[in-house]
Structure formats: C-alpha cells, structure tokens
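Take a look at the structure set out below.
The values are calculated or read from the model by the stated rules, or taken from the named source; none is laboratory data. The structure displayed is predicted, hence computed values, not measured ones. Backbone-built Cβ (ideal geometry, glycine too); neighbour counts: all protein chains shown. Just the protein is used for accessible areas: all its heavy atoms, side chains included, with ligands, DNA and RNA removed. Shrake-Rupley method; radii C 1.70, N 1.55, O 1.52, S 1.80 Å.
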Amino acid sequence: MAKESSRSHKTAAKVLYAAFQILKANGNSMRGFDVIDKIRQTVQFDEWELHRYGKTGYIRWESMLHFFSIDCVKAGFLQKNKGVWILTREGENVIQLGASGLLQEARKAYFVWKSKQKADEQDTDIETAEVIGTEEETFEQKQKALLEQFEDQAYKGLRGHIQAKNPYEFQDLVAGLLSSMGYFISMVSPKGRDGGIDIIAYTDPLGTKQPRIIVQVKHRPEASISSDDIQRLIGTMKRDTDVGLFVTSGDFSQPAKTEARLSGKHIELIDFDRFIELWIQYYDKMKDEIKYMLPLHPIYFLGSNE
C-alpha cells in the first residue's frame with residue numbers, strides 16, 4: 001500500500017502542477033475539460049497512469065486530477081464555477097513550491113478543513129488518503145470528483161451537439177428557447193441577408209405591448225463577440241423602447257460586455273453557458289418539436305453534502 005500511495009502521490013502532484021501552469025499561462029481561467037486536454041497534449045503518462053477504470057470509464061490520471069483538485073479548492077488555490085477553473089493569487093504563489101510541495105500544501109489545507117467540518121470524527125489513517133479507489137479516501141471527496149467528471153462529460157456533449165449545427169439551426173434553437181420562455185416570435189430571419197436582425201419577439205401575441213425584442217444570433221462556438229458586434233445590434237434598435245438581445249454559441253469579449261453595459265440601450269447578453277442554463281430551466285415547458293432540437297436526459301445519483 002505504501003508503494004501504491006507513493007505512486008499515486010507522484011501522479012497527482014504531476015497533473016496538479018501541470019494544471020496550475022496551464023491556467024497561469026492562459027490568464028488564470030479555463031474550462032476544466034480544456035485544462036485536461038492541454039495536459040493530455042503536453043504531459044507524458046505511463047501505462048499505469050493511463051489505466052481506464054472499468055466502472056466509470058475514466059482514465060486514472062484524470063480521476064486523480066479531479067479528486068485532488070478538490071484539495072486545492074479547499075486550500076484557496078483554485079476556484080471552480082460552472083466548469084470553469086480559476087487560479088487564485090494563492091494558487092499562483094504555490095506554484096513556486098514545485099509539484100510535490102503544491103500537493104502537500106493542498107492536502108494539509110484539505111484535512112484542516114475536513115477536521116473543522118467533522119471535529120467529532122477521527123481518521124485513523126488520514127495521511128494515506130491519496131489513492132483513487134481505495135478504502136482510505138473520503139467518500140464525499142470521491143463523489144464530488146466523480147460528479148465533476150460527469151458534469152464535464154455532459155457539458156462537452158452539449159457543446160459538441162451545438163457546434164455541429166449550422167447558423168440557421170442555432171437560430172432556430174434560440175427562437176425555440178424564447179418561445180418556451182413565454183415570448184411570442186414575430187419574425188425569424190430566413191437564409192440570406194437579415195439586416196442585422198435575426199429574430200423579433202414580443203411579450204404579447206399581437207405585438208401591441210412594449211418592449212419589442214430585437215435579437216441578434218451568432219453561431220461562433222470558438223470565438224468571442226466583439227464590441228463592434230454589439231454596436232451593430234444597437235444600430236438596429238430604432239425604437240426608444242426596444243430591448244436588444246445578443247445570443248452567441250461562444251462567449252463575449254470584455255470590450256463587448258463593456259459596450260453593452262455602457263450603452264444607452266437595454267442590451268442583454270446570452271453566451272453559451274447561459275443559453276444552456278436557460279434551456280435546462282425551461283426544458284419542461286418546451287413543446288416536443290423544440291425539445292428534439294436539443295434533447296436532454298436527467299440522471300440522478302448519490303452526491304455529496306459539501
């Protein structure tokens with residue numbers, strides 16, 4: 001067991017250190033599965049580290065990264081928000097300790113946190129809680145690590161499904177979502193030049209009530225919307241009461257967010273993450289023909305109270 005623990009410790013230290021370096025090199029913020037892809041491209045692994053677990057289908061080193069990254073979160077080195085990993089200032093500083101030092105500090109911090117949570121419980125072999133799949137690991141941490149992996153896989157599936165759609169199919173998705181949210185769709189732009197307006201929606205069936213919602217849709221999964229794109233949307237809003245809605249399958253640049261916020265017009269921004277959140281939120285209210293465009297299937301399993 002000591003030999004196995006030592007090997008797990010070495011692998012965990014290696015992948016955590018690589019993850020921290022990748023985050024630092026990319027502005028301290030990336031999606032978790034993008035971090036994993038970068039590690040896969042840059043770090044060498046042996047056969048033991050590449051072993052695939054039979055029950056979950058996950059690779060050993062990936063499971064270790066998720067498992068021990070929880071320690072880093074409790075230590076304040078890392079933050080996670082809806083699948084995005086964020087390296088904190090403390091996380092940047094701990095890189096200087098090297099791979100082994102980083103893991104050691106994270107483990108210490110985790111067990112300090114754990115002892116505060118369960119002060120009345122005793123862990124008889126706490127120093128060896130390093131190996132994925134052994135009885136020494138804490139149940140809560142294992143469940144949380146598995147949940148993260150399932151969430152990442154689900155997100156990648158949704159992202160891939162939408163990426164494969166053409167711009168007009170994504171436009172139909174947006175119109176379907178707005179309809180399910182209770183808005184009345186007056187116009188969906190056909191193929192060809194649209195004059196900068198892809199969808200027009202109202203809050204009542206006849207469009208007699210304000211506001212009129214002017215929607216611009218951009219299917220750019222790998223790109224950021226610019227401030228110029230926001231300005232073009234503003235240019236289509238001819239009425240004082242118009243509300244602008246910009247929906248993208250990618251994200252918004254910081255200048256674009258600033259342009260929308262400082263504009264004299266009411267502009268709402270929906271990036272890919274928010275689009276998925278809204279799709280999930282209103283899924284039960286959707287007609288079958290709308291659900292079929294992006295079908296979801298909920299799965300429930302035992303989680304963690306952390």
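Structure notes:
- Gyration tensor (Cα) of the chain, equivalent ellipsoid semi-axes in angstrom: 45, 20, 18
- Unit Cα scatterers, Debye sum, region 220-300: log10 I(q)/I(0) for q = 0.11, 0.24, 0.26 Å⁻¹: -0.38, -1.07, -1.16
- The chain, relative contact order in percent, only Cα pairs under 8 angstrom and at least six apart counted: 13 percent
- For the residue pairs LYS14/LYS38; LYS14/LYS116; LYS116/LYS142; LYS108/LYS144; LYS14/LYS142, the alpha carbons lie more than 21 Å apart in LYS14/LYS116.
- Low-density loop positions, trypsin sites (Lys or Arg not before Pro), region 147-220 - DSSP coil, at most 13 other Cβ in 10 Å: LYS191, ARG193, LYS209
- Whole-number D in µm² s⁻¹ for region 173-248, Kirkwood Cα-pair radius fed into Stokes-Einstein, 10 °C, 1.306 mPa s: 123 µm²/s
- Bridgeable lysines around LYS238 (alpha carbons under 19 Å apart, same-chain partners fewer than 8 residues away excluded): LYS209, LYS265.
- HN-Hα J in Hz across region 168-184 - Karplus 6.51, -1.76, 1.60, θ = phi - 60°, x for Gly and Pro: 6, 5, 5, 4, 5, 4, 5, 4, x, 5, 4, 4, 5, 7, x, 8, 9
- Residues whose amide H comes within less than 5 Å of that of TRP85, counting only those at least five positions distant or on another chain, are MET30, ARG31, GLY32 (H built at 1.01 Å from N in the peptide plane).
- Measuring with a 1.4 angstrom probe and ignoring ligands and nucleic acids, MET237 comes out at about 10 Å² accessible.
- Placing +1 on the Cβ of every Lys and Arg and -1 on the Cβ of every Asp and Glu, with nothing else charged, gives region 199-282 a dipole about its Cα centre of roughly 320 debye.
- Nonlocal amide H pairs with LEU78, under 5 Å, H built at 1.01 Å: VAL73, THR88
- Order of exposure, largest accessible area first, which applies to HIS297, HIS66 with probe 1.4 Å: HIS297, HIS66
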